[in-house]
Amino acid sequence: MNELDPARLRRLQRVGTLCGFAAGAWLGAAEAPTKLVTLGVSPVLISFMMVLGVFLARWSLPALVRGTTTLKDDVRQAPHLLVWAALGGCLWAVANTLTIFAIKDIGLAVAFPLWNSNSLLGILWGTVLFNELRDAGRSRWTLVLGGALVMFAGATILAVTSSAHAPGGNAVRGVVAALTAGALWGTMYIPYRKAYLTGMHPLSFIAFFTIGELVMMTVLALVFLGGPAEVWRELAASRAVLFWLLVAGFVWVVGDLFQQYAAKYVGISRGIPLSNTNQLWGLLWGMLVFGELASGGRGAVIAGSLLMAAGAGAIAFASAPGREYRRWQEAGARESVRYGVDPSYVAARMTGDDPSAGRGRHTLLDWLLVLAATAVFVGSAMVAAVPALQIGWGWAAALTLAIFGMLVAGGVALCRTTRFG
C-alpha cells in the first residue's frame, strides 16, 4: 500500500474542508424557494419540481464539464455503484419531501438544524463501515464526540422552541418530519462513501444518483396527488412558480457536488458536519429574507443553531492524520476486492488523480443534454411570476453574492489541486 505524501494529504483535506463550507452555502440557499409551501403549493409538487430541476442539472453539468464518454469509463470500472447511486437517490427523494412538510409546520429557520442531525449518523456510519476515525488519536475522538454532544444540545433547544413558535402548523409533526429526513439523509451518505472509496468520479456518481431520485419522486407524486391527471392539474395551476422550484433543484446540485467532494477528501464523518453549516445559511434566509420568527423565539433559535454549528466545527477540524488515512486505504482496498475493481484505479482516484481529466471529448449527446436542460429552464422562466411573499430583497441579493463567492473559492481550489478529480 503506497504512502501518500503528507503535503498532498494536507492539500486534499484543505480542499475537502473548503468544499464542505461551500456545500453549506449552496444547500442552504436551495431550500429558500420551498417557502412557496406557505402560499398553498402542495409540498409533494414542490419536491417533485425540485427533483426535476436536480435531474436536469445532474445530467447537463457532467455532460458540459467532462462529457458522457467519461461516465461510460466510470461505469465500466465500477458498475456495482449504479445500484448504490440509485438507492441513495431514492432516500434523498423521500427525505426532501419530508423537509417540505417540516418547513410548512415549523418554518425554515427551525427545521434546518433539526434535519441536520444527519451529522450524527454520518459519524456512526463513517466509523463503523469505512474505517474513519480509526487510529485518529484521542484528541480527534474527543473533538468528534464532544462536537456530537453539543450538536445534540442545540437540536434539543430548537425542538423545544419550535413547539412554542410554530407558524400555524403542527409542531410535533414538523419536528418528526425534520428528524426523519435527517435519518434518511444520514443513511444516504453510505453510497457516497462507497463510491469514493471505490474511485468513481463525483460528476459520474451524481448523474446516476438522480435516476433513483426521479423514479422515487414520481411514484410519490402519483400516489399522494392522485394519479397522472391530478399531477398535471397541479402543475398547470402552479405554472407561475415552477421556474423557482427548478432553480432550487439546480442550486441544490451545486451544493451537493461540493458535498460530494467533501465526502471524498475528508470523509463523511467530517464532510457531513461541514456541509451542515447550511443550517446557518437557512437561518439567515429564513429570518432576514422571509422574516421568520418575527413574533418571538429568535434568541433560542440563534443559540441552538450556534451550538450546533460549534459542534460541527469541532468535528470538522479534527483532520485525519496519515495513520487514519491508511485505514481509509484499507477500506478502499476491501471495496476493490469485493467488487473486482482495478486497485490502481481505486488508489489513483482516492488521491484526486483523475486520468481522464482533460481527455473527455464532447459529443452530440452532450450538447443535446445541455440544450434540453436549458430549454426547460428558459420555457418555465417565460411563464414565471414573482411569488407573493414578503421578501427582503436587499438581504436576498447579499446572500446570493456571498454564495457565489463560495462557488468561486471552492471551484478554484478544486481545479488547482485535483483538476476536479
TODO: Please work out if residue 399 is part of a helix (DSSP H, G or I) and open to solvent by 80 Å² or more (accessible area, probe 1.4 Å).
DONE: no
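Has the range 384-394 got any residue that is over 30 Å from residue 236 (Cβ atoms) and part of a helix (DSSP H, G or I)? Don't jump to the end; show me each part of the working.
Applying the first criterion (over 30 Å from residue 236 (Cβ atoms)) to the range 384-394 yields 392, 394.
When the remaining residues are screened for being part of a helix (DSSP H, G or I), the result is 394.
Checked against the condition, which is being over 30 Å from residue 236 (Cβ atoms) and part of a helix (DSSP H, G or I), the range 384-394 yields at least one hit.
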Open item on the list: Is it the case, given these coordinates, that residue 85 is open to solvent by less than 10 Å² (accessible area, probe 1.4 Å) and in a helix (DSSP H, G or I)?
Closed with: yes
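Just checking, which of 380, 319, 344 is closer than 30 Å to residue 12 by Cβ and either touching a residue at least 12 places away in the same chain (Cβ under 8 Å) or acidic (Asp, Glu) (or both)? Before the answer, list the steps.
Working: 380 fails: closer than 30 Å to residue 12 by Cβ; 344 fails: either touching a residue at least 12 places away in the same chain (Cβ under 8 Å) or acidic (Asp, Glu) (or both).
Every option except 319 fails the conditions.
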- [ ] Exactly one condition in (1) small (Gly, Ala, Ser); (2) assigned to a helix (DSSP H, G or I); (3) open to solvent by 10 Å² or more (accessible area, probe 1.4 Å) is not met by residue 319; state its number.
- [x] (2)
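Looking at the range 258-276, can you tell me whether even one residue there is open to solvent by 20 Å² or more (accessible area, probe 1.4 Å) and either of a type outside the set (Phe, Trp, Tyr) or within 21 Å of residue 192 (Cα to Cα) (or both)? Explain how you work it out, then say what you get.
So the first thing to find is which residues in the range 258-276 are open to solvent by 20 Å² or more (accessible area, probe 1.4 Å), and the list is none.
Within the range 258-276, none of the residues are open to solvent by 20 Å² or more (accessible area, probe 1.4 Å) and either of a type outside the set (Phe, Trp, Tyr) or within 21 Å of residue 192 (Cα to Cα) (or both).
Considering 307, 280, which residue is assigned to a helix (DSSP H, G or I) and over 17 Å from the mean Cα position of the chain (by Cα)? First the steps, then the outcome.
Numbers: 280 fails: over 17 Å from the mean Cα position of the chain (by Cα).
On inspection, the qualifying residue turns out to be 307.
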- [ ] From 373, 381, grab the single residue that is closer than 25 Å to residue 49 by Cα, touching a Phe, Trp or Tyr at 6+ places or on another chain (Cβ under 6 Å) and not in a loop (DSSP other than H, G, I, E, B).
- [x] 381
- [ ] Name the residue, out of 197, 203, that is modelled with pLDDT under 85 and touching a Pro at 6+ places or on another chain (Cβ under 6 Å).
- [x] 203
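When residues of the range 204-254 are filtered for being in contact (Cβ under 8 Å) with a residue 12 or more places away in the chain, assigned to a helix (DSSP H, G or I) and not acidic (Asp, Glu), how many remain?
Taking the range 204-254 as the starting set, the residues that turn out to be in contact (Cβ under 8 Å) with a residue 12 or more places away in the chain are 204-218, 220-221, 224-225, 231, 234-235, 238-254.
Cutting the leftovers down to assigned to a helix (DSSP H, G or I) gives us 204-218, 220-221, 224-225, 231, 234-235, 242-254.
Now drop any that are not not acidic (Asp, Glu), which leaves 204-212, 214-218, 220-221, 224-225, 231, 235, 242-254.
Selection size over the range 204-254: 33.
Rundown of residues vs (1) in contact with a Ser or Thr (Cβ under 6 Å, 6 or more places away or on another chain); (2) modelled with pLDDT of 80 or more; (3) under 23 Å from residue 258 (Cβ atoms), yes/no style:
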residue	(1), (2), (3)
79	no, yes, no
96	yes, yes, yes
109	no, no, yes
143	no, yes, yes
149	no, no, no
157	no, no, no
TODO: Note down all Cβ pairs under 6 Å where the first residue falls in the range 105-128 and is in a loop (DSSP other than H, G, I, E, B), the second is at pLDDT below 85 and open to solvent by less than 10 Å² (accessible area, probe 1.4 Å), and they're at least six residues apart or on different chains.
DONE: 116/276; 116/279
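Looking at 332, 286, 291, 340, which is the one that is on the phi > 0 side of the Ramachandran plot and either crowded, with 24+ Cβ neighbours inside 10 Å or modelled with pLDDT of 80 or more (or both)? Spell out the reasoning first.
Details: 332 fails: on the phi > 0 side of the Ramachandran plot; 286 fails: on the phi > 0 side of the Ramachandran plot; 291 fails: either crowded, with 24+ Cβ neighbours inside 10 Å or modelled with pLDDT of 80 or more (or both).
Criteria check complete, one pass: 340.
Kindly evaluate residue 397 against the criterion of being touching a residue at least 24 places away in the same chain (Cβ under 8 Å) and among the small types (Gly, Ala, Ser).
Numbers: touching a residue at least 24 places away in the same chain (Cβ under 8 Å): no; among the small types (Gly, Ala, Ser): yes.
Spelling it out, it is not the case that residue 397 is touching a residue at least 24 places away in the same chain (Cβ under 8 Å) and among the small types (Gly, Ala, Ser).
Listed here are the residues, each with its yes/no results for (1) surrounded by fewer than 21 Cβ atoms within 10 Å (Cβ to Cβ); (2) more than 29 Å from residue 227 (Cα to Cα).
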{"residue": "41", "(1), (2)": "no, no"}
{"residue": "47", "(1), (2)": "no, no"}
{"residue": "69", "(1), (2)": "yes, yes"}
{"residue": "72", "(1), (2)": "yes, yes"}
{"residue": "78", "(1), (2)": "no, yes"}
Open item on the list: Can you tell me which residue is modelled with the highest pLDDT among those in the range 31-48 that are in contact with a helix residue (DSSP H, G or I) (Cβ under 7 Å, 6 or more places away or on another chain) and more than 22 Å from residue 281 (Cα to Cα)?
Closed with: 48
Task: Conditions (1) in contact with a helix residue (DSSP H, G or I) (Cβ under 8 Å, 6 or more places away or on another chain); (2) farther than 26 Å from residue 49 by Cα: number failed by residue 290 - done: (2)
Task: Residue in the range 226-256 that is least open to solvent (accessible area, probe 1.4 Å), counting only those that are among the β-branched types (Val, Ile, Thr) and under 26 Å from the mean Cα position of the chain (by Cα) - done: 253
Open item on the list: Could you tell me how many of the residues in the range 49-69 are more than 20 Å from residue 411 (Cα to Cα) and over 20 Å from the mean Cα position of the chain (by Cα)?
Closed with: 2
Task: Selection from the range 169-179 of residues that are closer than 18 Å to residue 93 by Cα and open to solvent by 60 Å² or more (accessible area, probe 1.4 Å) - done: 176, 179
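The values are calculated or read from the model by the stated rules, or taken from the named source; none is laboratory data. In this text, all values refer to a predicted model and were calculated from it rather than measured experimentally. As a convention, Cβ positions derive from the backbone with ideal geometry for all residues, glycine included, and neighbour counts pool all protein chains shown. Ligands, DNA and RNA are excluded from the accessible area calculation, which covers all protein heavy atoms including side chains. Shrake-Rupley method; radii C 1.70, N 1.55, O 1.52, S 1.80 Å.
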